[in-house]
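Report on the structure given below.
The values are calculated or read from the model by the stated rules, or taken from the named source; none is laboratory data. Quick caveat: nothing in here was measured; it's all calculated off a predicted structure. In this analysis, Cβ positions are derived from the backbone assuming ideal geometry, glycine residues included, and neighbour counts consider all displayed protein chains.
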Amino acid sequence: MCFVFCHVLRKILKKLKSEPLHLEYDSQPFVLNRRDALLLLHHSLYSRQSIANIPKIIEAMEKGKSEPINNVVQYIEFIYNLVNWPMNNSVMAYEELPFIDSLEIINAQGKSELGFDIMTFEGFNSLSDWHPFRAEVLENQPVISDIPTLMVSGSLDPVTPISNSIEALRYLKNGYGVVFPDESHDLANPCFLQIAEDFLNNPFHKPDLDCASVRNPIEWNLHEPAQ
């Protein structure tokens, strides 16, 4: 299925570059171009629920259906309205900009068939003039601690890879790591909640992590709802 949708997606993105979709959102004209399409798909990768809708979103882009696209736009609008953007930009400029490997990013983008521009999507290009303050090298060094720490990761997370947790745990004497193979960035399920509760109740005792290994594959939303 991935091969089919990836092929279709490449064709859609190529077409949107010169022929954007003209839709309506909230009773107003809405134009979906190539960058917008990538942004919608990028945000759909944050939770297993929205990942399940990606095939339907790609189909909507291909056939010009407005409802699935409007649903994603509405969700993104809701999330964006929750963010304190001045604070977000200030922290990103201070903590992230000093440690970005531009060459590594350029090489990664060169290998991308979708042309995903991470510098633009994450707003890094516009942050350099936000303020002049930058974190010292020390701030990018690993934290060495014996404080009990629970590191939880989702294998499908598009922005916080498991490798971050693995590297951090090397320096945390009383750190416990758990990976949910079928979860993404917005991770919340009964197993996680139980592990978190057990850890908080007894931080120096490794919680039972067995339930996290139980697979829960994503059920793709491929069909129209029953009328």
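Count of the range 132-164 residues, restricted to those that are over 16 Å from the mean Cα position of the chain (by Cα), in a helix (DSSP H, G or I) and surrounded by 11 or more Cβ atoms within 10 Å (Cβ to Cβ), is 2. Kindly check whether there is at least one residue in the range 171-188 that is more than 23 Å from Ser47 (Cα to Cα), in a loop (DSSP other than H, G, I, E, B) and in contact with a helix residue (DSSP H, G or I) (Cβ under 6 Å, 6 or more places away or on another chain). Scanning the range 171-188, I find no residue that is more than 23 Å from Ser47 (Cα to Cα), in a loop (DSSP other than H, G, I, E, B) and in contact with a helix residue (DSSP H, G or I) (Cβ under 6 Å, 6 or more places away or on another chain), so the answer is no.
Within the range 60-70, the set of residues being touching a residue at least 12 places away in the same chain (Cβ under 8 Å) and part of a helix (DSSP H, G or I) comprises Met61, Glu62, Ser66, Pro68, Ile69, Asn70.
When restricted to residues that are touching a Phe, Trp or Tyr at 6+ places or on another chain (Cβ under 9 Å) and polar (S, T, N, Q), the range 170-208 contains 3.
What number of residues within the range 100-118 are at pLDDT 75 or above, of a type in the set (D, E, K, R) and assigned to a loop (DSSP other than H, G, I, E, B)? Counting residues in the range 100-118 that are at pLDDT 75 or above, of a type in the set (D, E, K, R) and assigned to a loop (DSSP other than H, G, I, E, B) gives 1. Pairing each residue of the range 138-162 that is under 22 Å from Tyr94 (Cα atoms) with any residue that is outside any loop (DSSP other than H, G, I, E, B) and charged (D, E, K, R), provided the two are 6+ apart or on different chains, yields C-beta distances under 9 Å for Glu139/Glu95; Asn140/Glu95; Pro142/Glu167. Among the residues of the range 14-33, just one is over 26 Å from the mean Cα position of the chain (by Cα), at negative phi and either in a loop (DSSP other than H, G, I, E, B) or basic (Lys, Arg) (or both), namely Glu19. Annotation: of all residues in the range 49-88 being out of contact with any Phe, Trp or Tyr (no Cβ under 8 Å at 6 or more places or on another chain) and small (Gly, Ala, Ser), the one that is modelled with the lowest pLDDT is Gly64. Against the numbered list (1) assigned by TED's automatic domain parsing to the domain that holds Arg34; (2) over 20 Å from Trp220 (Cα atoms), Ile105 comes up short only at (1).
Cβ-Cβ contacts under 6 Å between residues 6 or more apart (or on different chains), taken from a first residue in the range 85-112 that is of a type in the set (Phe, Trp, Tyr) to a second residue that is surrounded by 12 or more Cβ atoms within 10 Å (Cβ to Cβ) and outside any helix (DSSP H, G or I), are listed as Tyr94/Ala135.
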